[in-house]
Every structure is written in structure tokens, then in C-alpha cells.
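J.: So that we are looking at the same thing, I have put the structure below in C-alpha cells.
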Amino acid sequence: MVEAACISEWMKQQVADSGLNGIAVGLSGGIDSAVVAVLAKQAMDENMVAVIMPCGSDPEDAEHALLCAKRFDIETEFVDLTGVYTSLQEQLPEGSDLADANLKPRLRMLTLYYIANARNYLVAGTGNRTELTVGYFTKYGDGGVDMLPIGSLLKIEVRELANELDIPEEIINKPPSAGLWKGQTDEGEMGVTYEELDRIIARAEKGNFTPHTKTEEHVVSMINHSQHKKQLPPVCDPEQ
């Protein structure tokens, strides 16, 4: 079992090392962001803020975010990005459904950094190891953060930690969703369940892993095709 106190202390040390004053977290109403927000609260007490950023989202998401914030006495900022999102869509040339959907996490990223900059805070990301491994995050969106407190935890471990922290059951039990479009779920978009992902990733990390099923091949393909998301931009050196 991962100890919440260890992660909170690590977060506190990240802030101390940076010379900044606190932590900002995007609170979506999902399990990952709830866990990170509560850990940030434990780490920084009053020097943290959770930012709720609906963007054409299911109203239940904001309700769950507020439910978590109220239970743990977390300060919140509420910024409705729906109008900004719609206005930006009207100014952009026609793109793809994916490009359109990725505007949402990128708008949330710039909003979160605006608030963090204003307070002299670091931004804590909410990505877990399962999602980071297969690249299930938006580059320069929810992937644009200063620290990843639960980045070493598989989804099943995040659930265990959520139970340990007494996160509301409504949040723990809801289908994970990035809220990119109506009815969207993480598992539906990825084409694989988190349980399967965790199992395959755990096996692959032991080495000498050869995919034998279509699901395993799909996961390996996701890992391989998302490498660009996990690295700094390459720099051209003409002398090499």
C-alpha cells in the first residue's frame, strides 16, 4: 500500500526546492484529481488551491469536484471555460474531432498556470502511471505540469489510495472520463479497460514481454506511438 504521507511530503519538498509558495491542482470531479488535491491539501494546508474548470462539461463533474473540496476543506477557484472554448472554435479553421477535443485540456492548462503564476505556486498534475505509460494525456494540456505526485501509481493503486483517503464513493465508483465530449469515457476511448492495462503494463515492465493477444498488441502500439509525448523536443545539432 502506498502511504499518502510519503507522497504529501514529497510534494511539500518539491515546493520548497522550487522556492515557490504552494500548489495548484485542476479538480475535475474524477478520482485522480481528487486524490492529488487531497494530498496537496495535506502537504500545504492553506497554501494550495483546486481549480474547477468546466468546458461544456457534464454538470455532475463540477458537483463531484465541489463535493470533494467541501469534504476536505479545500479552497477552490471556479473558471467556466465554455464560452472561451466556443469563441476559439469559431476563430479556428476546420480541424478534426481529436484536435477539437484537445482544446479543452489545453485551455485548462493555461488557466491553471495563470492562477498558479498569480499565487507563485507550482502546478501538480493528476496523471497516473497507467495513463502516462500509454500516452493517454494531451501534450501541453493535462501533460503540462510541474510535478506528477501519482505518476508512479497504476490505476488500481490510485483506487486503493482514494479509499484510504476517504474520497467520496461517488467519485471512486464513477467511470473515468476526461470529459472531452458527451458520454466520453477513458476506457471507451482507449479501447481497453484499466484493469487490463494495469495487468499488461505490470507484465511488460518485468521485461521480455511479447504480446500474444490483440489487446496486448494494442497496448504496445499505444506505448510505442506516444513516445513523443514523454520526451523533451529534440534539438537539431547540424555538427553531429
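J.: Within the stretch 163-185, count every residue that is surrounded by 20 or more Cβ atoms within 10 Å (Cβ to Cβ) and either within 21 Å of residue 41 (Cα to Cα) or of a type in the set (Asp, Glu) (or both).
T.: 2
J.: Sort out for me the helices (runs of 4 or more DSSP H) sitting completely within the stretch 26-104 that have 1 or more residues that are farther than 26 Å from residue 129 by Cα and out of contact with any His (no Cβ under 7 Å at 6 or more places or on another chain).
T.: Details: elements: 31-44, 59-71, 82-91.
Output list reads 59-71, 82-91.
For every residue, the table says whether it meets (1) at pLDDT below 95; (2) touching a Pro at 6+ places or on another chain (Cβ under 8 Å); (3) in a loop (DSSP other than H, G, I, E, B); (4) more than 29 Å from residue 24 (Cα to Cα).
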position: 152; (1), (2), (3), (4): no, no, yes, no
position: 159; (1), (2), (3), (4): no, no, no, no
position: 163; (1), (2), (3), (4): no, no, no, no
position: 172; (1), (2), (3), (4): no, no, no, no
position: 183; (1), (2), (3), (4): yes, no, yes, no
position: 201; (1), (2), (3), (4): yes, no, no, yes
position: 211; (1), (2), (3), (4): yes, no, yes, yes
position: 219; (1), (2), (3), (4): yes, yes, no, yes
position: 222; (1), (2), (3), (4): yes, no, no, yes
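J.: Right, something else. Here are some conditions: (1) farther than 16 Å from residue 129 by Cα; (2) in contact with a Leu (Cβ under 6 Å, 6 or more places away or on another chain). Residue 180 meets all but one. Which one does it not meet?
T.: The number of the failed condition is (2).
J.: All but one of (1) under 14 Å from the mean Cα position of the chain (by Cα); (2) closer than 20 Å to residue 233 by Cα; (3) part of a helix (DSSP H, G or I) hold for residue 110, so report the exception by its number.
T.: All conditions pass for residue 110, except number (1).
J.: Here is a further query. Only one of (1) more than 17 Å from the chain's Cα centre (by Cα); (2) modelled with pLDDT under 95 fails for residue 168. Which number is that?
T.: With (1) more than 17 Å from the chain's Cα centre (by Cα); (2) modelled with pLDDT under 95 applied to residue 168, the lone miss is (2).
J.: Every residue in the stretch 1-25 that is out of contact with any strand residue (DSSP E or B) (no Cβ under 8 Å at 6 or more places or on another chain), among the aliphatic types (A, V, I, L, M) and part of a helix (DSSP H, G or I), please.
T.: Here is the first cut: in the stretch 1-25, the ones out of contact with any strand residue (DSSP E or B) (no Cβ under 8 Å at 6 or more places or on another chain) are 1-10, 12-13, 16-17, 19.
Filter once more, so that each one left must be among the aliphatic types (A, V, I, L, M): 1-2, 4-5, 7, 16.
Across the stretch 1-25, the qualifying residues are 4, 5, 7, 16.
The values are calculated or read from the model by the stated rules, or taken from the named source; none is laboratory data. Every value quoted in this text rests on a predicted model; they were computed, and no experiment measured them. With ideal geometry, Cβ positions are generated from the backbone for all residues, glycine too; neighbour counts draw on all protein chains shown.
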